[in-house]
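Nothing in this text is a laboratory measurement; each read-out follows from the coordinates by a stated rule. Since the model is a prediction, treat every value here as computed from it, not as a measurement. Note that we place each Cβ from the backbone using ideal geometry, even for glycine, and neighbour counts take in every protein chain shown.
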Amino acid sequence: MKAREIMSPTVDSIDALTTIFDAAPSISIEQEEPGLVVIGPHQLGGLLTVPAGAKGLVIFALGSGDGRFSPRNNFVARQLQERGLATLLLDLLSDQEKTDRANLFDIDLLASRVIEAAEWAHAQAELADLPIGYFGASTGGGAALAAAAMDPEIVSAVVSRSGQPDLAGAALGLVRAPTLLLVGGRDPQVLDLNRRAMDRMKCVIELIAVPGAGHLFEESGALDFVARRAAQWFEQRLAMMAPVTAGRVRLPFSNRPEAGRMLARQLVKFRGSNPLILALPRGGVSVAYEVAKSLNGELDLLLVCELGAPHHSEFGIGAIVDGDMPQIIVNHQVLRTMGIPTGYICNEAHTQLRELERQRQAYLAGRPPILVEGRTVIIVDDGIASGGTVRAALRAIRQKKPARLVLAAPVGALDSVRSLAAECDEVVCVATPQPFCAVGAHYQDFTQISDEEVKRLLGEARAPVAQSA
């Protein structure tokens with residue numbers, strides 16, 4: 001689903017509509033007291049609330065008539081907090097700046113302040129690993145969308161309440177974060193603006209026109225409905241990012257060793273747990289070597305080969321993983337679309353099994369793989385593009401019953417990273433740039449790793465173990 005508009009002309013009661021759409025009941029939990037905070041170089045005023053075990057952070061980009069103490073926005077914030085989401089209600093302008101009315105509609109300025117708040121949040125220990133969403137009201141809706149377009153890596157979801165998305169201009173087409181537009185059914189001018197904006201946007205997007213509600217949702221039950229739908233949207237969309245370590249880094253990486261050292265910093269919590277680092281050859285080996293060295297873990301290879309399509313070997317249709325019982329994963333939708341027969345898959349698998357055996361002899365001299373059962377296993381590659389090869393690797397290792405299975409890479413395509421989260425206990429990815437292009441595009445030096453280099457790194461990684469024995 002790319003875009004969807006929800007409007008029920010047969011339902012004129014907000015309370016009834018709330019019943020229809022409210023799939024998850026509100027959860028009563030003990031709330032933290034909100035704290036006044038001062039944010040970033042412009043000393044923005046904020047109201048921060050972080051529930052225990054928070055699973056995401058929603059930054060409120062408030063419009064010209066609202067502020068951090070607005071009863072409407074604090075009402076919505078409390079609903080989010082009940083769902084385990086931290087909230088930051090933010091004054092985008094100083095008191096002095098508000099005296100110049102032009103600033104109230106300077107979307108580039110307002111959007112830059114939203115990003116400033118998100119960067120501030122990433123620098124706070126209690127917020128650093130939380131995926132971020134933006135909630136925009138009125139002109140703040142345009143500012144939230146513009147901010148999402150300016151820095152797409154930092155935001156995972158957007159909700160706009162009676163927003164003016166048209167103020168974001170050309171930035172609308174650059175928004176990648178899933179977006180929910182909430183508009184009163186009796187607010188025709190703003191509803192029309194939102195419909196036209198939705199037509200220009202390319203992300204996953206929904207527009208809900210709330211029957212009987214005006215611009216400020218002052219009708220009985222209207223604001224409660226808005227708060228619940230916003231909470232559901234953020235809860236679902238931010239949860240998709242929760243297994244992915246939130247990281248911000250300047251790209252491209254200099255080379256694989258540098259990327260490996262940066263990745264190791266995101267994995268420091270596994271130091272001391274005797275992790276097993278499994279590298280996907282060949283590029284993943286130099287990254288994994290740095291991770292294993294930093295974490296004092298064991299390094300081994302996970303031999304995987306991609307299965308190529310007929311006459312187009314560079315187009316992957318699946319992968320095969322080495323082992324006592326080789327694991328074959330194929331993309332059945334691609335097979336049906338291309339009409340690839342089962343016999344071709346069998347022949348291609350046998351061809352790649354011979355390549356896996358060559359790699360085993362070349363890299364490991366026939367040494368059996370290290371046992372993974374009951375251990376923390378971290379699978380490392382130099383990048384994740386479509387994710388087909390990595391998916392096969394994860395499924396094969398999962399069958400060997402590790403205590404914890406982690407996927408780690410310096411860079412990856414966001415959609416692939418998110419989808420792979422279901423295959424393991426945790427995904428750690430330093431950067432998910434958009435657009436992604438190819439893995440090599442995010443490295444200055446992406447030279448192919450030779451067989452000799454793979455053997456050297458494996459030998460150096462095993463040397464300390466041999467000496468201590």
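Summary table below
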read-out	value
Cα-derived Rg to Rh of the range 48-184, Kirkwood definition	0.94
0 to 90° range, to nearest 10: angle between helix 451-468 axis and the chain longest Cα axis	90 degrees
The range 323-343-the range 80-136 distance, computed between alpha-carbon centres (Å)	47 Å
Karplus-derived 3J(HN,Hα), 6.51/-1.76/1.60, for each residue of the range 343-355, Hz, glycine and proline x	x, 5, 4, 4, 5, 5, 5, 5, 4, 6, 4, 5, 5
Summed side-chain charge close to residue 94 - residues other than residue 94 whose Cβ falls under 15 Å, Lys, Arg +1, Asp, Glu -1	-2
J(HN,Hα) series, the range 70-79, from Karplus relation 6.51 cos²θ - 1.76 cosθ + 1.60, nearest Hz, glycine and proline x	4, x, 4, 6, 5, 4, 4, 4, 5, 4
Distant-in-sequence amide H partners of residue 61 (H built 1.01 Å from N, under 5 Å)	135, 136, 137
5 angstrom amide H check on residue 318, placed H, neighbours 5+ away	307, 331
Peptides ranked, highest mean first, by Cβ atoms within 10 Å: ranges 381-394, 71-84, 291-304, 431-444	381-394, 291-304, 71-84, 431-444
Rounded to 10°, Cα long-axis angle of helix 222-241 versus longest principal axis of the chain	10 degrees
For residue 68, distant residues with modelled amide H under 5 Å away	91
Percentage relative contact order, the range 64-120, counting C-alpha pairs under 8 Å, at least six apart	27 percent
Three-way shape label, the range 359-442, alpha-carbon gyration tensor, a/c 1.5	oblate
Karplus 3J(HN,Hα) series, Hz, for the range 159-169 with 6.51 cos²θ - 1.76 cosθ + 1.60 (x for Gly, Pro)	10, 10, 9, 6, x, 10, x, 4, 5, 6, x
Percent RCO, i.e. relative contact order, over the chain, from Cα pairs under 8 Å lying at least 6 residues apart	13 percent
Fewest-first sequence of 201, 325 by Cβ atoms within 10 Å of each Cβ	325, 201
